[in-house]
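Worksheet: the structure to be examined is printed underneath.
The values are calculated or read from the model by the stated rules, or taken from the named source; none is laboratory data. Predicted model, so just to flag it, every value in this text is computed and none were measured. Note that we place each Cβ from the backbone using ideal geometry, even for glycine, and neighbour counts take in every protein chain shown.
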Amino acid sequence: MVFQTHKNLSTHIESLKNENLKIGFVPTMGALHAGHISLMKEAAKSNDILVVSIFVNPTQFENANDLNKYPRTVENDTRLIYEHFGETQVVIYTPNVKDIYGDNAVAKSYRYDGLEHVMEGANRPGHFDGVGTILEFLFLKTQPDYAYFGEKDFQQLQIVKKLVEKLQLPIKIIGCPIKRESHGLAMSSRNERLSPNARKEAAFIIESLGKAKAYFNNHSINQTISMVQNLYHENQNLELEYFTIASEETLVPVKRKYRKHTYRAFIVAHIEGVRLIDNMRLSQ
Ligand code: PAF
């Protein structure tokens, strides 16, 4: 079933809850790809009902151009979901901006114990307020038992865990591994804006993360960062926005290695005007 208004959606969700059905929720901004489908497979496997939202959330875009260019393919997306999962145990919510925000599309303000101040939070002001605002709304309307997020947006995943903890919502957040295109580029709806050649060139991102992981074993954090920055200086096609090594738990960028910490490398690079994000665990 497809719902366009939260009112109708809520009524339906209430009836599912009354039947004690377990709900697995996958929030998306549409332009679905195999990465989204893998999240939905996880949700469908472990729950009675799969709920998917498709909504390009304006309040999490700090850049109007990026928002305007974001692909919108709701009809294809709906078809794709039904092809994979049938119609009977699937609920799709495709609201417009007014249904979510009324006449005032502004974000609320959230504190995530500092997780919001680094990396994407520092480079995209207001982004995680927008993410918090839409997810709080969607979680309340869909009442999921489990919600599924990709590790490509690793910082978002940690922030969503913090959000449900702070709001005391009885939802278990499940992180799922990054899905990659054949050349290694992390799957993203933004990849649709890349030429075939740029998609190939962008495989440089995962290659540089792989090199960073190997280098990190016997070099310092600063040396690893410089090595990666040099790789991008020499690359004519990709422009590095940031490369950071941070503690996986706190997301605080680190300068020194401490034993027993798990580190992750985070990267953002641009090609053909498209902003691409990726990350990789460096240590066990
Ligand atoms: O990761 C995304 O696609 C979005 O940030 C989300 C979680 C659907 C919220 O708009």
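Looking at this structure, is LYS179 within 25 Å of ILE271 (Cα to Cα), near the ligand (Cβ under 10 Å from one of its atoms) and surrounded by 18 or more Cβ atoms within 10 Å (Cβ to Cβ)? Answer is no for this residue. What's the number of the condition ASP103 fails, among (1) in contact with a Leu (Cβ under 9 Å, 6 or more places away or on another chain); (2) away from the ligand (no atom under 15 Å from the Cβ); (3) charged (D, E, K, R)? Just one mismatch for ASP103, condition (1). Evaluate the following for VAL90: is it touching a residue at least 60 places away in the same chain (Cβ under 8 Å) and more than 16 Å from the ligand (Cβ to nearest atom)? The answer is yes for VAL90. The single condition among (1) modelled with pLDDT of 95 or more; (2) over 16 Å from GLU151 (Cα atoms); (3) among the basic types (Lys, Arg) that ARG264 does not meet is (2).
Keeping to the range 94-144, report how many residues are assigned to a helix (DSSP H, G or I), among the aliphatic types (A, V, I, L, M) and closer than 17 Å to THR5 by Cα. So the count comes out to 6.
Just one of the listed residues (ALA147, ALA202, ALA186, ALA198) is aliphatic (A, V, I, L, M), at pLDDT 95 or above and within 26 Å of PHE3 (Cα to Cα), and it is ALA147.
Of all residues in the range 185-213, those satisfying the criterion of being outside any helix (DSSP H, G or I) and crowded, with 18+ Cβ neighbours inside 10 Å are LEU185, ALA186, MET187, SER188, LEU194, ALA202.
If you go through the range 243-273 and keep only what is crowded, with 18+ Cβ neighbours inside 10 Å and more than 19 Å from SER226 (Cα to Cα), you end up with LEU251, ILE271. In the set PRO125, PRO95, PRO144, only one residue is within 16 Å of the ligand (Cβ to nearest atom), touching a residue at least 40 places away in the same chain (Cβ under 8 Å) and surrounded by fewer than 19 Cβ atoms within 10 Å (Cβ to Cβ); that residue is PRO125. Scanning the range 31-60 for residues that are more than 9 Å from the ligand (Cβ to nearest atom) and in a loop (DSSP other than H, G, I, E, B) yields a total of 5.
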